[in-house]
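Presented below is the structure to which this report refers.
The values are calculated or read from the model by the stated rules, or taken from the named source; none is laboratory data. Every value quoted in this text rests on a predicted model; they were computed, and no experiment measured them. Heads up, the Cβs are rebuilt from the backbone with ideal geometry, glycines too, and the neighbour counts pull from every protein chain shown.
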């Protein structure tokens, strides 16, 4: 009688054999028929191409603009594995990305292949200077999605040219390459102390709400922005996300002021539950704050909170706080 483990192994073996058979059949088909005549089912079944003659056919097929994007993308993916050994394959993929006459989905497909290839740093490093230079050139691409994606890649590489262009766009909106909220996000990949004043201005006088939120998140890393963020935290008319980011910053830079504000806000019936939940959770997780240090009155008020209609998040935060309390109960 076959055990479950044996049956599982048998199923895996059968699946592997079936996959190997599909790949062999697909390779046989592709070697006897022009690549252009292969359907997507054949391309999907193919293993990555390593044969030099087939690679040349696939290179040509990837440029056949009369073919559907899904088909061409599959063709490109199948020879992408050769990119590390063959510079002509790298240049083909990069060329498709750079070609402003190429249709957008195909350019995105090429960019995705290149982004994935960078994960193998040792193999890709020889192409990195050319790759980054090409991305810098695409920062002015007419397609917003291309601009956004290449700038995101450059941001992760902490590219200095990107930083200069982003700052320029934030200071002079007419020169902006991306919306201001995205610009702030990109700045956050490699933030420097001299850039915090710009973010403080954007927090106080933002072009839109999302830019204000993004600026607050990054300023939460800056100790010199403590007073500004404390003001934002205390302002009940401020955006919720801005207050949340401000709360975490104040807790880090001014723990006593945070503790005082949190004690009042958590028991304030005019504060919204999400902020109360965040504050109470932060208190619970802070090893420097104990329930006894919060005082008898506060803990009694937390007890009273349970008798009210609370959001699920705040109710859970109250339960966690009391479960982790260093006191058996403050109300007894």
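For the reader, a short list of remarks on this structure follows.
- Check on residue 233, in the same structural domain as residue 203 (by TED's automatic domain parsing), under 33 Å from the mean Cα position of the chain (by Cα) and closer than 30 Å to residue 196 by Cβ: yes
- Checked against (1) surrounded by fewer than 17 Cβ atoms within 10 Å (Cβ to Cβ); (2) part of a helix (DSSP H, G or I), residue 298 passes all but condition (1).
- Checking each residue in the stretch 264-283 for being within 14 Å of residue 234 (Cα to Cα) and under 25 Å from the mean Cα position of the chain (by Cα) picks out only 275.
- Flag for residue 131 being assigned to a helix (DSSP H, G or I) and crowded, with 16+ Cβ neighbours inside 10 Å: yes
- Among the residues listed as 165, 232, the single one being over 30 Å from residue 138 (Cβ atoms) and surrounded by 19 or more Cβ atoms within 10 Å (Cβ to Cβ): 232
- Any chance residue 143 is surrounded by 13 or more Cβ atoms within 10 Å (Cβ to Cβ) and free of Cβ contacts under 8 Å to residues at least 12 places away in the same chain: no
- Residue identified as part of a helix (DSSP H, G or I) and within 15 Å of residue 211 (Cβ to Cβ) among 146, 167: 167
- Per-region count, the stretch 170-196, residues assigned to a helix (DSSP H, G or I) and either touching a residue at least 60 places away in the same chain (Cβ under 8 Å) or under 17 Å from residue 212 (Cβ atoms) (or both): 14
- Scanning the stretch 42-78 for residues that are assigned to a helix (DSSP H, G or I), under 32 Å from the mean Cα position of the chain (by Cα) and more than 13 Å from residue 89 (Cα to Cα) gives 43, 44, 45, 69, 70, 71, 72, 73, 74.
- Which listed residue, of 104, 120, 97, is in contact (Cβ under 8 Å) with a residue 24 or more places away in the chain and crowded, with 18+ Cβ neighbours inside 10 Å: 97
- Filter result for the condition that a residue is at pLDDT 95 or above, surrounded by fewer than 20 Cβ atoms within 10 Å (Cβ to Cβ) and over 26 Å from residue 206 (Cβ atoms), over 137, 152: 137
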